[in-house]
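A short write-up of the structure that comes next.
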Amino acid sequence: MYYRDYLQLDKVLNAQEPESFKPGNEPAHDEMLFIIVHQAAELWFKQILFELDYVMSVFRKSRIDDNSEDLNIVRHRLNRIIRINELLNEQVSILHTMTPLDFLEFRNLLSPASGFQSVQFRLIEARLGLEMENRHNKDYYKRTNEGGFEPKDFTSITDVEKEENLLSLVNKWLERMPFFQPEYWSAAGSPQSADENHPFWKEYRKRYVESLTEREAMKVKDFDFTFFQKKDDLTEEQMAMLKSALSPKAMQAGLFIMLYRDFPVFQTSYQILDSLVEIDHQMATWRHKHLVMVRRMIGMRMGTGNTSGSGYLEGALNKHYVFKDVAALSTFLIERKRLPELPGELIGKLSYNSEK
């Protein structure tokens, strides 16, 4: 084995063919940088998709043992995706060494190609759980005309969008959490369901209300709708704003994990939820950095792919959060010292101590 052959460097290092360097055009020095930065990003997108494939294979299992290696490896894979995103965000700053005038030397040669046509980035978004109905200017995506996708790429993206995504798989995983089953609450009368009358939720809701300031008092209605779908006197607009992609049962489990994350059994689960939120934030940072770069390079001009340029990017930045409901659980936290005491049967389970 030889280094160059193993990495297929003849292919990689000869894959840069600047349009401006071709006969009849004026060579633009910065086009080489532009190509390499985008090619490197696509390689990292490929690695992210590779990691997501593994993560989703674990969450597709009908039963996941919290005390097995599965979740720990998932946490590790998600952390790797976070590190890759950090690198990608830093990589954007390299393009800032190119001035707007430098870009204009070759920009018109790229039309109608656009970063919008990155199939891998669309696949990452789709696999994470960004659905078409929730995309900004969704009509931009479903097109194969100039500036859109080639039919083959359009089909591959559409096929992945039909598959179960990570957000849905995480929802099922959280729904299977057994924290509120009767056998762990026998001292409290063996409740039959985790509704608002469950001893834990009755006590927690009381303590949550006590933690709210006078100006936050209305948050209790958000609490009741989020975890128990109680509408009370909420308006349709308010319910639409509170609507979650996760089920009330999954939201209950997610909040419980966050509240009692110091128990050994919750350590990995909490870190997984936190990693999902961090990936969302890193993706938003990626979009923000591109928004800043586009405004700097072309101002308010149209994008080469016939999008509205910075206007499109700004809309996507604000709307394309996938795990916003997990992040929103922080709304319903209370101080650690005010947490309800758990039954001994449940404490034993959470501590891997079967004797309690």
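The numbers here are math on the coordinates, done by the rules we state, and not lab data. Remember, it's a predicted structure, so these values are computed and weren't measured experimentally. Reconstructed Cβ throughout: ideal geometry from the backbone, glycine too, with neighbour counts over all protein chains shown.
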| remark: In the chain, whole DSSP H helices that both stretch 27 Å or further along their axis by alpha carbon positions and average at least -1.0 on the Kyte-Doolittle scale are 31-59, 69-95, 267-298
| query | Straight-line reach from LYS349: which lysines have a Cα under 27 Å away, not including same-chain ones fewer than 8 places off? | reply | LYS61, LYS172, LYS202, LYS206, LYS249, LYS337
| said: Cβ neighbours within 10 Å, averaged per peptide: list 252-260, 207-215, 69-77 in order, most packed at the top. | reply: 252-260, 69-77, 207-215
| said: How large is the translational diffusion coefficient of segment 185-252 in µm² per second when you combine the Kirkwood radius over alpha carbon pairs with Stokes-Einstein at 25 °C and 0.890 mPa s? | reply: 187 µm²/s
| field | P(r) weight above 26 Å for segment 1-151, C-alpha pairs, percent | value | 45 percent
| Residue order, fewest to most beta carbons within 10 Å, for ASP139, ASP10 | ASP139, ASP10
| said: Which of SER351, SER114, SER275 has the fewest other C-beta atoms within 10 Å, and how do the rest follow up to the most? | reply: SER351, SER114, SER275
